[in-house]
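Input: a single structure, listed below in structure tokens.
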């Protein structure tokens, strides 16, 4: 699920269970329990550092139904980018849902950081190679960020992580800007011998200063060929793009 900074989203969970919880897993960190809900007495309990957003700012809320338990995030922030899991108690066992990846696109103004991905789209043939580019402009927390790449394929329910630069301080191709305190770091994701399964939208994500920021994505189209063979009197073959 992709949304813009400041928008509201509703993460759905359909399960007939008296006890359902929501967990948040930020890239590179362990899952954290956010809230638990009992259907029979309507009680909702909040955990870790999420209590303030549930009870004071009201930015987070849980809407419970007989066979559903939705997590609602109002006025999304960059730090909301994460994978959210619905966990239900079924036959005295905890069962995890597949998870929903939430990508919040926008700038982290407080950290003076921005992410630029190039190209915006690319069309190639099977077997070709391409290099995706991710440029990070930052003023603070320089050298203290990690870079991740996600791919969201056609028909997939959510993006999946495919590569990480880890602690990227030594992998950053630094480009100083004259007369400015801004530092630009360039990261490349080379893709070789492409196949139809590589098609999708690739997102570059930067984790820095306790927040994560996603780029706008690069759409990669793989143009295959469909061949039809005709044998009336003379052998012939026609190929077209698919």
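The values are calculated or read from the model by the stated rules, or taken from the named source; none is laboratory data. It should be emphasised that the depicted structure is a prediction, and the values quoted were computed from it without experimental measurement. Cβ: placed from backbone, ideal geometry, glycine included. Neighbour counts: every protein chain shown.
Data table
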| read-out | value |
| --- | --- |
| Candidates 76, 100, 57 - the one that is loosely packed, with under 14 Cβ neighbours inside 10 Å and either under 25 Å from residue 207 (Cα atoms) or touching a helix residue (DSSP H, G or I) at 6+ places or on another chain (Cβ under 9 Å) (or both) | 57 |
| Single match in 129, 121 (criterion: under 15 Å from residue 197 (Cα atoms) and modelled with pLDDT of 60 or more) | 129 |
| Boolean, residue 62 is assigned to a strand (DSSP E or B) and farther than 30 Å from residue 136 by Cα | yes |
| Those residues of segment 4-14 which are farther than 9 Å from residue 86 by Cα and in a loop (DSSP other than H, G, I, E, B), in sequence order | 5, 6, 7, 8 |
| Any hit, segment 214-225, residues being assigned to a strand (DSSP E or B), modelled with pLDDT under 85, farther than 19 Å from residue 83 by Cβ and touching a strand residue (DSSP E or B) at 6+ places or on another chain (Cβ under 6 Å) | yes |
| Residues located in segment 28-37, provided they are loosely packed, with under 15 Cβ neighbours inside 10 Å and either free of Cβ contacts under 8 Å to residues at least 60 places away in the same chain or touching a helix residue (DSSP H, G or I) at 6+ places or on another chain (Cβ under 7 Å) (or both) | 29, 30 |
